[in-house]
């Protein structure tokens, strides 16, 4: 089959590799119907050291089950499924808490930007879409694909921040996760949503999804702008969808005392300010992490099927899997918001 | 009057200084009935650079109102009052949110280890104890004094962590704030309370107040011990009552994925690990800050007056104000848990 592998910064290649097979009795092999490139895929695209052995890329997919191991139940051949970006057993105490991304039998899916994909812990991980492949239009398929990661990552940010009616929420980042966070915050009842971003086409979609204000400034100027918009009080909730240090600093800068910063951009730093001058002094709460999208799938699939929710609008380009390198280039250069890859 | 001033590490002196007076129309002057030394007073006692001008010490007090400014209402001469360690207007949006320690008209009380104390924003800050000085026994007076800071700081830790029935809570630190956190967690319904501390007399009081397990080990060994006690899952809540980096690292080490670390020990660091390997990967929530004790006073004074709550038991020594330097020495050497100072 054809699959996308990364060999170093800027070096994504599509190669012919052996088809994946069931390795463990708990595995399934899925024929990929739609995959895509994630903002987090751009981190190795920027900084991965050159290497001999390519790393299979892609962790978002909607597909059809091709084969299952002997211990897999609940999903079977021919089912249309959403593949969460993290696999998990869905039965342990941590999964029952709703934190599937920390499941002791779990891990991260890789190799979705390909024709076929092996998914471990298939019973606990895959969720079937009623109606199957033939019952789903292309726009709905795109929205289902966002439940694999991007939309539910934005939703997780809002859930962890406990966004509720009346809240003022600031979203940092106008990428696909940031825009998803806007949509999720709106659905949870946020009264005011300030989107910090500078790409007009993106912030326009953000406005359509519920942003009441857009702040293009960054750093101290951005903080001052949010302060002014909030009568000097700051924002009760900040959803941080970037993962770089300036976004973190902006987060506690615009936060109202007693407020919540919820991070879902994978942090590209380990150390950060958490002392009196940043978090502690204002009783800030810092939360967030890799979204346990599995916990949210059953609730969201029906909303997508009846088009109550159309997060698939984050995809502004679509390419065949052979052009995955071009998909990375388009996203890296910000020519595209999010690129779908179709085998 | 006599007052305690610090001139550098290890150098606390009691000196005769001018009596405080009403400086602003919103001030009150309080005759101190009981004051005490705080764990946070030990930070300058360890590290303050030697200086010419002494800094007035002490921010915890119960006293009798001596004089009020022309704009003070709600409290008057002769009232027995609890003085929160932070003053605030109690009317602004931040105070209405319950985060009085971030009030834009607020600040920290200083100079309570003395005979008299000036309290700014007296209307918003002071809370009257029904019955007055003559209606209150010494043990109740001690418990009232803990509402000025130490007990309600422990309570704030538990509130910010949203401790609820059934929770497993780990408390790091067996100082007076740590023990207060145990008592507060128990009152909020925690099922299991693991106290990390190594001073037998203190952990014994912790057990009496609700600790179900005591772990004396620190660092990796301490983390392993908590893991073993929790079937490898970790603790849903960690209340961190120390403020030094090893306690922070221990906090995320023992935390269950999706759990909450609530800090009330004033952090003696600004930078800390918050990335994938510490907080983000396990969807940890980090919260806490200076306790807005003012928000909790009305609810707690009656509980102390009828002895439902006896947090005053943290005081194991009592000295006249002239011996404040000895009070610092006793607490620093850990010969005393918490020392009350009586003018």
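Selection within the stretch A:118-139: residues that are within 19 Å of the chain's Cα centre (by Cα) and buried (at least 19 other Cβ atoms within 10 Å of the Cβ). The member of this set that is nearest to residue A:289 (Cα to Cα) is A:125. Here B:139, B:174 are screened, and the one residue that is in a helix (DSSP H, G or I) and either in the same structural domain as residue B:234 (by TED's automatic domain parsing) or in contact with a helix residue (DSSP H, G or I) (Cβ under 7 Å, 6 or more places away or on another chain) (or both) is B:139.
Kindly provide the set of residues from the stretch A:226-242 that are within 9 Å of chain B (Cβ to nearest Cβ), touching a strand residue (DSSP E or B) at 6+ places or on another chain (Cβ under 8 Å) and surrounded by fewer than 24 Cβ atoms within 10 Å (Cβ to Cβ), ordered by number.
Scanning the stretch A:226-242 gives a single hit, A:233.
Scanning the stretch A:101-132 for residues that are assigned to a strand (DSSP E or B), over 24 Å from residue A:5 (Cβ atoms) and in contact (Cβ under 8 Å) with a residue 60 or more places away in the chain turns up just one, A:127. Taking the listed residues A:59, A:46, the one that is within 26 Å of residue A:265 (Cα to Cα) and either surrounded by 15 or more Cβ atoms within 10 Å (Cβ to Cβ) or in contact with a helix residue (DSSP H, G or I) (Cβ under 7 Å, 6 or more places away or on another chain) (or both) is A:59, with no other qualifying.
Considering every residue within the stretch B:278-296, establish whether at least one is under 21 Å from residue B:64 (Cα atoms), at pLDDT 95 or above and crowded, with 23+ Cβ neighbours inside 10 Å. The answer is yes; a qualifying residue exists. When restricted to residues that are touching a helix residue (DSSP H, G or I) at 6+ places or on another chain (Cβ under 6 Å) and either surrounded by fewer than 18 Cβ atoms within 10 Å (Cβ to Cβ) or assigned to a helix (DSSP H, G or I) (or both), the stretch B:318-342 contains 2. Screening the stretch B:62-105 for residues that are within 14 Å of another protein chain (Cβ to nearest Cβ) and over 17 Å from residue B:296 (Cα atoms) and picking the one that is surrounded by the most Cβ atoms within 10 Å (Cβ to Cβ) gives B:105.
Every residue, every condition in (1) within 13 Å of chain A (Cβ to nearest Cβ); (2) more than 21 Å from residue B:203 (Cβ to Cβ), yes or no:
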{"residue": "B:265", "(1), (2)": "yes, no"}
{"residue": "B:268", "(1), (2)": "yes, yes"}
{"residue": "B:285", "(1), (2)": "yes, yes"}
{"residue": "B:297", "(1), (2)": "no, yes"}
{"residue": "B:303", "(1), (2)": "no, yes"}
{"residue": "B:313", "(1), (2)": "no, no"}
{"residue": "B:332", "(1), (2)": "no, no"}
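For the structure I just gave you, tell me whether residue A:202 is outside any helix (DSSP H, G or I) and outside the structural domain of residue A:302 (by TED's automatic domain parsing). In short, no. Does residue A:268 qualify as being buried (at least 22 other Cβ atoms within 10 Å of the Cβ), within 30 Å of residue B:268 (Cβ to Cβ) and either modelled with pLDDT under 95 or within 24 Å of the chain's Cα centre (by Cα) (or both)? No.
Just one residue in the set B:272, B:284 is out of contact with any strand residue (DSSP E or B) (no Cβ under 6 Å at 6 or more places or on another chain) and in the same structural domain as residue B:258 (by TED's automatic domain parsing); that residue is B:272.
The values are calculated or read from the model by the stated rules, or taken from the named source; none is laboratory data. It should be emphasised that the depicted structure is a prediction, and the values quoted were computed from it without experimental measurement. Neighbour counts are summed over all protein chains in view; Cβ atoms, including those assigned to glycine, are modelled from backbone coordinates with ideal geometry.
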